[in-house]
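The values are calculated or read from the model by the stated rules, or taken from the named source; none is laboratory data. Because the structure is predicted, anything quoted here is derived from the model rather than measured. Cβ: placed from backbone, ideal geometry, glycine included. Neighbour counts: every protein chain shown. With ligands, DNA and RNA removed, areas are computed over all heavy atoms of the protein, side chains included. Shrake-Rupley method; radii C 1.70, N 1.55, O 1.52, S 1.80 Å.
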Amino acid sequence: SISNKAHESQRGMISLLSDDFLMGTDNPSMVAADGEGPVRQIHLDSFHISECAVSNFDFSLFVEDTGYTTEAERFGWSFVFKLLVPKQTTKTVESAAAGTEWWWKVPGAYWKEPEGPGSDIELRGSHPVIHVSRRDASAYCRWAGVRLPTEAEWEYAARGGLVQAPYPWGREFKPNRNHMCNVWQGEFPDHNLMEDGYLSTAPVKSFYPNAFGLYNLAGNVWEWCADWFS
């Protein structure tokens, strides 16, 4: 069900009413690692937000209509998680991201060939588009007649009306032993047990939506916001 603070507007968008909420956390580990503190009260005006991330299908419509070339295509490479790189492609990998060496620099990787040359998205139209820079995301938004959400808007939407709960669905990571999002299980970064069903991305409407009717607010992929991080 959808909270009384949210209602569906145009297709695929959820309208959220003006409200105050507690943003951030005082959890020491999250404050130190991610800069998510301190907890502070934020007021938001009403806004609309997509019920899910932009899919490969959605992004392909944008590219077909505009001829847009992503930055990964122009640069000629992008980072790919090492377990996803095909064996025939590993010989082209010469470096990895410093400090996060599980991200390999793969020549030719971009949104339409996400694991490098020879890979495709033929069966992944409903999966979130990846290898998209902030400029790419902003260009898509302009085409679609929308904008990136602020971090405060995104967090408010993700919380789904819950106050300071650690997850979009509540306080238990696996309520009744149910997987609620696509994250790593096993020994990172070498062995994923895939207990949630996915090694890589999951479709944009996987798992249960939160109380505002929004999908995949935890796990799966990183998403862009309008703000600069400081």
Legend entry - Accessible area in the full protein assembly, largest first, 1.4 Å probe, for Arg147, Arg142: Arg142, Arg147
Legend entry - Max mean-square fluctuation residue, GNM over the chain, Cα-Cα springs under 10 Å, options Glu153, Glu73, Glu195: Glu195
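Let me know the longest stretch in the chain that avoids all chymotrypsin sites (Phe, Trp or Tyr not before Pro) found in a DSSP loop with at most 12 other C-beta atoms within 10 Å. List each step's numbers first, then the result.
Working: sites that count: Trp222, Trp228, Phe229.
In short, 1-221.
Take the solvent-accessible surface of the protein heavy atoms, probe 1.4 Å, and return the percent of it on the chain that carbon and sulfur atoms account for.
Numbers: 7230 of 13490 Å².
Ligands and nucleic acids excluded, carbon and sulfur reach 54 percent.
Taking Cα pairs under 8 Å and at least six residues apart, what relative contact order does the chain come out at, in percent?
Values: 376 pairs, mean separation 49.6, N = 230.
After rounding, I find 22 percent.
At a 1.4 Å probe radius, which order do Met23, Met180, Met194 fall into by accessible area, largest first? If you can, show how the numbers build up before the last one.
Details: Met23 10, Met180 35, Met194 90 Å².
If we order Met23, Met180, Met194 from most to least accessible, we get Met194, Met180, Met23.
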Inset, instruction - Rounded to the nearest 10 degrees, what's the angle between the helix 56-66 long axis and the longest principal axis of the chain, both from Cα atoms, 0 to 90? - result: 80 degrees
Legend entry - Under 30 Å from Lys105, Cα to Cα: lysines that are on another chain or at least 8 residues apart: Lys82, Lys87, Lys91, Lys205
